[in-house]
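Note sheet for the following structure.
The values are calculated or read from the model by the stated rules, or taken from the named source; none is laboratory data. Quantities reported herein were computed from a predicted structural model and do not represent experimental measurements. Every residue, glycine as well, gets a Cβ built from its backbone with ideal geometry; the counts of neighbours run over all protein chains shown. Note: areas computed on protein heavy atoms with side chains; ligands, DNA, RNA excluded. Shrake-Rupley method; radii C 1.70, N 1.55, O 1.52, S 1.80 Å.
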Amino acid sequence: MEKFFPAPVANFADLLMDAVCMVDAAGRFVFASAACERIFGYTAEEMRGRTMIDMVAPEDRERTLAAARTIMDGQPNLHFENRYVRKDGSLVHLLWSARWSEQHQLRVAVARDISAAKRAEATQAALYAISEAAHATDDLPQLFQHIHQIIGGLLPAACFVVALHDSCSDQLRFAYHADQQGPLPQSLLARVMGEEVRRMGRPLLLDSSTLAGLPEALRSAAGLAPVSWLGVPLTTSQGPIGVLMLQGQGEHAYTDADRDLLLFVSTQVATAIQRKRMHAQLRFMAQHDELTRLPNRRLFHDRLETAFARAQRQQGRLSLLFIDLDKFKLINDEYGHASGDLLLKEVAWRIQACVRESDTVARIGGDEFVVILENVGLPDHALAVKDKIHEALALPVPLADRGNLQIAASIGVAHYPDHGADMQQLLRHADNAMYASKTQPAPM
């Protein structure tokens, strides 16, 4: 070192909190001050002779080499940022001030560790991005994908898991379980760990160093050589709603700082999930009948318009079934509205059981239901569904302490394109056919 600077200068450099480094024209460290060990994890002796670019994070190497060439051309750089890989494999964010010494043929640089500031900046950006995602996404699965990407930018994660509490079963339901390539099968370890985080109500860091102090079920699920896992509860102002978990990537082991960071971000994640759930509930209430939970008139017309356009575009067929319960008012008058509501829910369930999952069953009025059948091969297929519904509704409906109630329905059927070239003609034909069926004897 004294070849370049006297010993007192070198000793003075060792007193600085920032790292002082010198790199020769070949890119090798020839001097590193004492602060380098705190910042890079290597002692000054270990750094001497090492190639500088080998310590730079792979993603930052190209622009680091470009900056080094500019400095060696005589242009100092006072604010260059990049990331180095520490001795323990973690990343450190650095702010460099560097210049070239033509006399000594060395790059002389001072590095300041700005990792804490970068993490705070990234955390704030993540919180904002999560809040934006809650507004920009259409549903929970899409929200989870966005959150996965956002948190993946903060912490390494080979697997990202969101498990939400199901109040009916009092268990966790895995709403999202995926890596960067897509959904993954649910793992036993994730389930056991999620339940443990929910039970404790606090973060849990699982790796080989913490395994011995964990419950037997978790140790058994983890096996002898577990990868690092990190789990935190998802909590809103109304209480806990689930668990967020990350699986470590490669040999990365999560730290206490990672745990604190994920716990801090999890509050915003929980708020975003709760907001999206509330919006979904409001949207469902606006589009569905409160009693039967079937699509209401508005959603029925939206789906019919979509189905009709699809049938026209694909030159396909669709059928409409208009269903009206016979003498429903008398049932309400004789048995009461509570019994009438029970009957309507039972009718809705029975009609749904007669059609495919891809078909639409809607309640468009008091005792009026409608069915949209898409991709029907022949009109007879729709008529077979009509007969099936008649048979299902003909079965007695048991009413508590009122005995069994026998009901019947009038059903009108219309087919596209046979009974109309547009939706209004099709609706009118189905409605007329339904009223005409009221004058006919009920099917046996």
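The residues of the stretch 1-29 that are open to solvent by 50 Å² or more (accessible area, probe 1.4 Å), modelled with pLDDT of 70 or more and under 17 Å from Glu45 (Cβ atoms) amount to a single one, Arg28. For the stretch 350-377, the set of residues classified as more than 18 Å from Ala394 (Cβ to Cβ) and part of a loop (DSSP other than H, G, I, E, B) consists of Arg356, Glu357, Ser358, Asp359, Ile364, Gly365, Gly366, Asn375, Val376, Gly377, listed by residue number. Residues that are surrounded by fewer than 16 Cβ atoms within 10 Å (Cβ to Cβ) and in a helix (DSSP H, G or I) within the stretch 378-400 comprise Pro379, Asp380, His381, Ala384, Asp387, Lys388, Glu391, Ala394, listed in sequence order.
Conditions tested, residue by residue: (1) out of contact with any strand residue (DSSP E or B) (no Cβ under 8 Å at 6 or more places or on another chain); (2) modelled with pLDDT of 90 or more; (3) among the hydroxyl-bearing types (Ser, Thr, Tyr).
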residue	(1), (2), (3)
Ala362	no, yes, no
Asp367	no, yes, no
Ala382	no, yes, no
Ile407	no, no, no
Gln424	yes, yes, no
Asp431	no, yes, no
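Residues of the stretch 123-144 that are buried (at least 16 other Cβ atoms within 10 Å of the Cβ) and either assigned to a helix (DSSP H, G or I) or over 13 Å from the mean Cα position of the chain (by Cα) (or both): Ala126, Leu127, Ala129, Ile130, Ala133, Ala134, Leu140, Leu143, Phe144. Assess whether Gln171 counts as being within 22 Å of Leu205 (Cα to Cα) and more than 15 Å from the chain's Cα centre (by Cα). Yes: the conditions hold for Gln171. The number of residues in the stretch 347-404 that are in contact (Cβ under 8 Å) with a residue 60 or more places away in the chain and of a type in the set (Gly, Ala, Ser) comes to 4.
Just one of (1) assigned by TED's automatic domain parsing to the domain that holds Leu263; (2) open to solvent by less than 40 Å² (accessible area, probe 1.4 Å) fails for Ala109. It is (1).
Quick check on my filter: what residues within the stretch 45-63 are under 23 Å from Leu155 (Cα atoms) and surrounded by 14 or more Cβ atoms within 10 Å (Cβ to Cβ)? The answer is Met55, Val56, Ala57, Asp60, Arg61. Hey, among the residues in the stretch 72-113 that are in contact with a strand residue (DSSP E or B) (Cβ under 7 Å, 6 or more places away or on another chain) and of a type in the set (Asp, Glu), which one's farthest from Cys36 (Cα to Cα)? Once the filter is applied, the top-ranked residue is Glu81. The requirement of being more than 26 Å from Glu290 (Cβ to Cβ) and open to solvent by 70 Å² or more (accessible area, probe 1.4 Å) is fulfilled somewhere in the stretch 366-376, by at least one residue. Every condition in (1) open to solvent by less than 30 Å² (accessible area, probe 1.4 Å); (2) not in a strand (DSSP E or B) is met by Tyr84 except one, and the failing one is (2).
Checked against (1) assigned to a helix (DSSP H, G or I); (2) at pLDDT 95 or above, Leu343 passes all but condition (2). Could you look through the stretch 420-439, keep only residues that are in a loop (DSSP other than H, G, I, E, B) and farther than 19 Å from Ala311 by Cβ, and pick out the one that is most open to solvent (accessible area, probe 1.4 Å)? Per the criteria, the residue is Thr439.
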